[in-house]
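The values are calculated or read from the model by the stated rules, or taken from the named source; none is laboratory data. The structure presented is a predicted model; accordingly, all values stated were derived computationally and were not measured. In this analysis, Cβ positions are derived from the backbone assuming ideal geometry, glycine residues included, and neighbour counts consider all displayed protein chains. Heavy atoms of the whole protein, side chains included, go into the accessibility calculation; ligands, DNA and RNA do not. Shrake-Rupley method; radii C 1.70, N 1.55, O 1.52, S 1.80 Å.
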Amino acid sequence: MATVERTEQLPPCTRCDGPLIMSATAPQTDQHGQPIRLELCPSCDTGNTQRPAAGLLVQFFADGGGRDERRIQEAAHLMMEWTKECMALHGWYLEDTPPDTA
């Protein structure tokens, strides 16, 4: 089971070493036994056509969506799409939407 840990200081992005908006560690490890980090980076994910959900989530935070309670449904949708996108990078998918039926 995954746990949530809030912190004022996130580790640097593993792709560009820049600041992250959000970081999570998956409960599984990669093929080398290393923790899998799910990261949202404004530098790496803005305009990245390979990660459209990440780009939309970056834009949501840039537009102040993270501070607007009226946008909670939008936030939930964007977070779910970003999570699914991150999972797909590791060959995972949500059980109710296998790749051959999505």
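Can you tell me how much longer the chain between Q34 and E74 gets when fully stretched, taken as 0.36 nm per residue apart minus their C-alpha distance, in nm with one decimal?
Working: separation 40, 0.36 × 40 = 14.40 nm, distance 3.23 nm.
Length difference between fully extended and current span is 11.2 nm.
Mind checking the per residue accessible area of the chain for me, 1.4 Å probe, whole number of Å²?
On the way: 7580 Å² over 102 residues.
With the other protein chains kept in place, the chain gives 74 Å² per residue.
If you roll a 1.4 angstrom probe over the protein chains with everything in place, what fraction of the accessible area of the chain belongs to carbon and sulfur, to the nearest %?
On the way: 3960 of 7580 Å².
Carbon and sulfur atoms account for 52 percent of the accessible area of the chain.
Say we join alpha carbon atoms closer than 10 Å with springs in a Gaussian network model of the chain; which of C86, C16, C41 then has the biggest fluctuation?
Looking only at C86, C16, C41, the largest GNM fluctuation is found for C16.
I want to make sure I understand the PRE zone here: with the label point 7 angstrom from the Cα of E81 toward its beta carbon, which residues in region 7-21 have backbone N atoms less than 20 Å away?
Counting only backbone N, you get 21.
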